[in-house]
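Derivation of every value follows stated rules applied to the coordinates shown; laboratory data play no part. Just so it is clear, the structure is predicted and the values come from calculations on it, not from any experiment. Glycine gets a Cβ as well: all are built from the backbone with ideal geometry, and neighbour counts include every protein chain shown.
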Amino acid sequence: MIPRTQTGHRAVLQGLATMIDEAIVVIRSIAQPSFAQLMLRLALSVPFWKSGILKWSGFLQLNDTAIDLFTDEFKLHLPGGPYDFPAPKVMAFASGCGEIIFPILLVVGFGTRFAATGLLLMTGIVELTVPDGWPIHITWAAMALGIMAWGPGRLSADHAVQSYVGYLQKQ
């Protein structure tokens, strides 16, 4: 026979376990995987979009500030010291294009894993040029890796295209 105090503790623990299980059900209903994947895509898009918008003064026209940043400010911090970017105008143009195109693709959810890979590579370059920003950069990298690993989710153009192709194959 179990002493009365152990039975009381067991009942309290079982009640606590039941409350935790019920809370987890509520949490899971809020954090649906497709919604979480959409939020990851949006969250990763915002900083790159904002940065990209600031680089342009018109259609395919980089502003002088963007070129100056790549010419004078951004240096690759590699072993042996900081180095100038090769062809600063080319790097500024590529960066500006990526910071506009990849976020659009992520928000729409089209070519999502490729867009996230592009932003992960850009994050790596940003980290090499601004090493003190690592707390933010590691967050961007984590979001990009999550998108690359688990895809865009159901709330995406990729999912719609994949579903349509699957439907056509069954016909």
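Extending 7 Å from Cα along the Cβ direction at residue 13 and again at residue 97 yields two label points whose distance is 6.3 nm. With 0.36 nm allotted per residue and the present C-alpha distance subtracted, the residue 57-residue 113 stretch has 17.2 nm of extension available.
Pairs of lysine residues in region 33-170 that meet both criteria, 8 or more places apart or on different chains and Cα atoms under 24 Å apart, total 5.
In a fully extended conformation the segment linking residue 161 and residue 89 would gain 22.3 nm over its present Cα-Cα distance, using 0.36 nm per residue. Remark: 39, 143 ranked as 39, 143, counting other beta-carbon atoms within 10 Å and listing the fewest first. When the chain is described by a simple charge dipole with +1 on each Lys and Arg Cβ and -1 on each Asp and Glu Cβ, the residue from 59, 96, 153 located farthest towards its positive end is 153. Working from label points 7 Å from Cα in the Cα-to-Cβ sense, the residue 171 to residue 32 distance is 2.7 nm.
About the Cα centre of the chain, how large is the charge dipole given +1 on each Lys and Arg Cβ and -1 on each Asp and Glu Cβ? Please answer in debye to the nearest 20. In total the dipole reaches around 860 debye.
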